[in-house]
Amino acid sequence: MDLSNKSLLHNEDIIVTADSGSLVLALNPNSYLYLGPNAFVAVKNTELNKMHFDIERGQMVLFVRSLKNGASLVIHTPPGILAIRKGGRYIVSVETNGNTKANVIRGELGYLNRGRLVKLKKGRQVEFVKRKAVSENQ
């Protein structure tokens, strides 16, 4: 199905942009998600207080005005899970091999590193490398 203006997304929808395509989604009032060319994203949860997207490849830019107390926006990437709990601007880029970069332009992003919660703040970037499964090493 092609998306058009006013299309509603549902849990388990898949979004794919072409090599020259892009897409802007309204998440809630004054919050948007931009997908660049050649992106593949699965919509896991569209509830306003616990949105969840899985990005397999491509670039996602998030403009989040604010989130209510206890609300979060979860981005699952091939090597890990990112959690946004504050308004801000974020860029998540996933290469075709699964390696991921997350940039916090403004706001705060959380992720787990060896079981410990790490908070990434304004102006910071983190890179994740997708680990190969044992069977992939052969």
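Rule-based calculations on the coordinates, nothing more; no lab input. This is a predicted model, so every value here is computed, not measured. Positions of Cβ are generated from backbone atoms using ideal geometry, with glycine treated the same way; all protein chains shown enter the neighbour counts.
Kindly write out, for the range 41-53 in residue order, the coupling ³J(HN,Hα) from the Karplus curve 6.51 cos²θ - 1.76 cosθ + 1.60 (θ = phi - 60°), rounded to whole Hz, with x marking Gly and Pro.
With the stated coefficients, the range 41-53 comes to 9, 9, 8, 9, 8, 9, 5, 4, 8, 8, 5, 8, 10 Hz.
With both partners inside the chain, how many of the DSSP beta bridges are antiparallel, as a percent to the nearest 5?
Values: 49 of 54 bridges.
Of all bridge pairs located within the chain, approximately 90 percent are antiparallel.
Amide H neighbours of LEU67 under 5 Å, at least 5 residues apart or on other chains, H built in the peptide plane: list them.
GLY87
Pulled fully out, how much extra length does the chain show between ARG124 and LEU112, if you take 0.36 nm times their separation in residues and subtract their Cα-Cα distance? Don't skip to the answer; put the middle values down first.
Details: separation 12, 0.36 × 12 = 4.32 nm, distance 1.57 nm.
Extra length from ARG124 to LEU112 when fully extended: 2.7 nm.
If the only charges are +1 at each Lys and Arg Cβ and -1 at each Asp and Glu Cβ, what is the size of the charge dipole of the range 14-116 around the Cα centre, to the nearest 20 debye?
On the way: 12 positive and 6 negative charges, 105 e Å.
Magnitude of the dipole: close to 500 debye.
Please list, in order along the range 77-90, the HN-Hα scalar couplings obtained from phi with the Karplus expression 6.51 cos²θ - 1.76 cosθ + 1.60 (θ = phi - 60°), rounded to whole Hz, x for Gly and Pro.
Taking θ as phi minus 60°, the curve returns 10, x, x, x, 10, 10, 10, 10, 10, 10, x, x, 10, 9 Hz for the range 77-90.
Answer rounded, prolate or oblate for the range 14-116, using the Cα gyration tensor with square roots of eigenvalues a ≥ b ≥ c: rounded when a/c is under 1.5, else prolate when a/b is larger than b/c, else oblate.
Numbers: a/c = 1.66, a/b = 1.17, b/c = 1.42.
Note, shape of the range 14-116 comes out oblate.
Could you work out the Rg to Rh ratio of the range 61-138, with Rh taken as the Kirkwood radius (inverse of the mean 1/r over all Cα pairs)?
Numbers: Rg = 13.5 Å, Rh = 13.2 Å.
In the range 61-138, Rg relative to Rh is 1.02.
If I take R0 = 22 Å and measure r between the Cβ atoms of GLU12 and GLU47 in this structure, what FRET efficiency does the formula 1/(1 + (r/R0)^6) give, to the nearest 0.05? Working shown, then result.
Working: r = 13 Å, r/R0 = 0.61.
The computed FRET efficiency comes out at 0.95.
Mind checking which of GLY88, SER7, ALA26 is farthest towards the positive end of the chain's charge dipole, using Cβ charges of +1 (Lys, Arg) and -1 (Asp, Glu) about the Cα centre?
GLY88
Report ³J(HN,Hα) in whole Hz for each residue of the range 104-113, in order, from the Karplus equation J = 6.51 cos²θ - 1.76 cosθ + 1.60 where θ = phi - 60°; Gly and Pro get x.
9, 6, 8, x, 8, 10, x, 8, 9, 10
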